[in-house]
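Down below is the structure, laid out as structure tokens.
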Amino acid sequence: MSVAHLLRRATFGPTADEVDAFASLDPAEVVDRLLVPSRDDAGAARTPLPKLGPVTNERSDRAKQIRTVAVWWLDRMTQAEHQLHEKLTFFWHGHWATSADKVKSGPLMLGQQQTLFRTGLGDFATQVRAMIRDPALILWLDGQKNTVKAPNENLARELMELFTLGVGNYTERDVREGARALTGWVVDQPRGTATLNPKRHDDKPKTILGSTSNYDADGFASLLLGQPSCAAFIARRLWLRYCGEGDIPPATLDAARTATTTGAMLRTLLLADGHTELVKQPVEWLVGALRQLGIRPVEQHLNSLNQLGQVPLRPPSVGGWPSGAAWLTTSATQARLKVAQSLAAKASPAVLDRLKSVPQPQRVVALARLLVVDRFTDRTATVLSAVAADPRKLLALGLASPEYAVC
């Protein structure tokens with residue numbers, strides 16, 4: 001397993017210099033280094049939390065705050081040196097898919113992002129308990145409407161189906177009883193908090209997954225986390241996003257299920273055999289390109305991601321974004337080329353000088369190194385060679401190439 005392969009999977013998109021910095025390490029050392037944040041992440045220091053100001057009911061103000069958070073997050077993804085942590089946070093965003101289109105609050109979406117960042121590498125149980133009281137998720141799945149007199153099943157259903165256990169590991173009765181355990185949570189949007197109102201909570205015994213007790217939210221979470229299917233479900237989700245679309249090898253699944261933290265589970269998966277080709281999601285594709293071309297995100301890049309079909313804070317449903325070949329349609333390829341041309345037009349002078357310093361016949365190879373592509377096929381190399389005299393055209397076509405769309 002090559003260093004470049006590991007860095008492409010574990011980060012948004014490594015630079016050639018980063019590949020060189022890890023070149024002398026074996027795979028386990030590479031992953032261990034990636035899992036430990038640097039003491040002084042200058043990139044993270046350059047992206048302090050945005051100042052959003054007071055929450056208002058004005059639609060334009062709310063939309064502006066949400067865009068501010070989204071651009072800040074893109075900048076954080078691009079600038080931060082602890083790339084594994086940043087990419088894993090975005091993975092969790094797709095897992096606990098919550099959309100600002102319904103939440104309509106920049107501060108609440110930022111608060112959820114910070115929760116995912118804080119809990120992303122650690123014990124999954126800590127994350128689950130934090131998320132079931134996350135104000136944005138509660139609003140997104142109608143948890144504030146879930147009361148003892150009128151139970152709402154949305155959060156309980158998705159908690160089991162999409163967040164912890166997976167389809168087939170619970171019954172409709174479990175959903176109904178789980179909803180009762182989650183009753184009573186209310187959101188104070190101006191303060192950005194969620195609290196339990198005892199008068200709205202069902203404090204009677206519930207029978208969930210064959211166990212009867214006076215379950216509340218934390219008790220329900222503990223019950224789910226104790227199911228054998230929970231760790232396996234999370235391992236499969238991580239495998240799908242980091243390793244390949246096929247089934248996770250049984251031995252790898254067994255090893256991953258014993259991990260005590262998400263970071264340890266991800267380490268097991270990244271170092272396992274059986275990785276297959278993965279298609280980059282648009283955010284991965286764009287952030288990787290921004291990093292490699294020396295460009296900092298601006299609001300225009302949200303428009304680019306809208307063209308590509310994936311905008312942070314706006315997943316299409318609670319199921320998150322699609323994966324794999326869904327991103328390789330003809331229209332998606334055309335959109336990538338258009339965005340690639342705009343990126344190439346703003347590439348840093350240092351990147352352009354690096355290409356210009358290489359003799360024209362060798363520029364395709366230099367481009368592969370710059371974009372951390374193992375190699376271009378003969379067909380792609382022929383197309384790239386035809387524009388090698390123009391570094392910006394070369395960059396644009398390289399970014400739009402099939403080889404750059406996968407990792």
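The values are calculated or read from the model by the stated rules, or taken from the named source; none is laboratory data. The structure displayed is predicted, hence computed values, not measured ones. When we count neighbours, we look across all protein chains shown, and the Cβ atoms used for this are built from the backbone with ideal geometry, even at glycine. Please note that ligands, DNA and RNA were not included when accessible areas were found on the heavy atoms of the full protein model with its side chains. Shrake-Rupley method; radii C 1.70, N 1.55, O 1.52, S 1.80 Å.
A count restricted to segment 112-171 and to residues that are aromatic (Phe, Trp, Tyr), part of a helix (DSSP H, G or I) and over 15 Å from ALA217 (Cβ atoms) stands at 3. Could you figure out which of (1) surrounded by 14 or more Cβ atoms within 10 Å (Cβ to Cβ); (2) of a type outside the set (D, E, K, R); (3) free of Cβ contacts under 8 Å to residues at least 60 places away in the same chain; (4) within 20 Å of MET77 (Cβ to Cβ) isn't true of SER348? Answer for SER348: the failing condition is (1).
If I ask for residues that are open to solvent by less than 40 Å² (accessible area, probe 1.4 Å), closer than 30 Å to LYS104 by Cα and among the small types (Gly, Ala, Ser), which ones from segment 270-310 would you list? Of everything in segment 270-310, those that are open to solvent by less than 40 Å² (accessible area, probe 1.4 Å), closer than 30 Å to LYS104 by Cα and among the small types (Gly, Ala, Ser) turn out to be GLY288, ALA289, SER304. Taking every residue in segment 360-382 that is hydroxyl-bearing (Ser, Thr, Tyr) and pairing it with any residue that is open to solvent by less than 20 Å² (accessible area, probe 1.4 Å), at least 6 positions away or on another chain, the pairs with Cβ-Cβ distances below 8 Å are THR380/SER401. Every condition in (1) in contact with a Gly (Cβ under 9 Å, 6 or more places away or on another chain); (2) at pLDDT below 95; (3) farther than 21 Å from GLY288 by Cα holds for ALA80 except the one numbered (3). Counting only residues that are more than 20 Å from the chain's Cα centre (by Cα), in a loop (DSSP other than H, G, I, E, B) and surrounded by 13 or more Cβ atoms within 10 Å (Cβ to Cβ), segment 3-33 holds 1 of them. Only one entry in THR212, THR207, THR183, THR195 is in a strand (DSSP E or B), closer than 30 Å to THR56 by Cα, modelled with pLDDT of 95 or more and not hydrophobic (A, V, I, L, M, F, W, C), namely THR195. Within segment 176-194, being polar (S, T, N, Q) and surrounded by 22 or more Cβ atoms within 10 Å (Cβ to Cβ) holds for one residue alone: THR183. Among residues of segment 34-89 being of a type in the set (Lys, Arg) and part of a helix (DSSP H, G or I), the one that is least open to solvent (accessible area, probe 1.4 Å) is LYS87. Within segment 262-269, one or more residues are touching a residue at least 60 places away in the same chain (Cβ under 8 Å), among the hydroxyl-bearing types (Ser, Thr, Tyr), assigned to a helix (DSSP H, G or I) and open to solvent by less than 20 Å² (accessible area, probe 1.4 Å). Of the residues in segment 279-292, at least one is in a loop (DSSP other than H, G, I, E, B) and either among the acidic types (Asp, Glu) or under 30 Å from ALA345 (Cβ atoms) (or both).
Table: residues versus (1) farther than 30 Å from THR68 by Cβ; (2) open to solvent by 60 Å² or more (accessible area, probe 1.4 Å); (3) among the β-branched types (Val, Ile, Thr); (4) at pLDDT below 95.
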site: PRO312; (1), (2), (3), (4): no, no, no, no
site: ALA332; (1), (2), (3), (4): no, no, no, yes
site: VAL358; (1), (2), (3), (4): yes, no, yes, no
site: SER385; (1), (2), (3), (4): yes, yes, no, no
site: ALA388; (1), (2), (3), (4): yes, no, no, no
site: PRO391; (1), (2), (3), (4): yes, no, no, no
site: LEU395; (1), (2), (3), (4): no, no, no, no
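Starting from segment 1-20, keep only residues that are among the basic types (Lys, Arg), then list their pairs with residues that are modelled with pLDDT under 95 whose Cβ atoms are within a distance under 8 Å, requiring at least 6 positions of separation or different chains. Every condition considered, the pairs that remain are ARG8/CYS407; ARG9/CYS407.
Quick grid of which residues meet (1) over 18 Å from LEU225 (Cα atoms); (2) in contact with a Gly (Cβ under 8 Å, 6 or more places away or on another chain); (3) of a type in the set (S, T, N, Q); (4) open to solvent by less than 10 Å² (accessible area, probe 1.4 Å):
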| residue | (1), (2), (3), (4) |
| --- | --- |
| THR115 | yes, no, yes, no |
| PRO151 | yes, no, no, no |
| GLU158 | no, no, no, no |
| ASN197 | yes, yes, yes, no |
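Taken as a whole, the structure places ALA42 among residues that are of a type in the set (A, V, I, L, M) and modelled with pLDDT under 90. The set of residues from segment 360-380 being assigned to a helix (DSSP H, G or I) and either among the aromatic types (Phe, Trp, Tyr) or surrounded by 18 or more Cβ atoms within 10 Å (Cβ to Cβ) (or both) comprises ARG363, VAL364, ALA366, LEU367, ALA368, LEU370, THR380.
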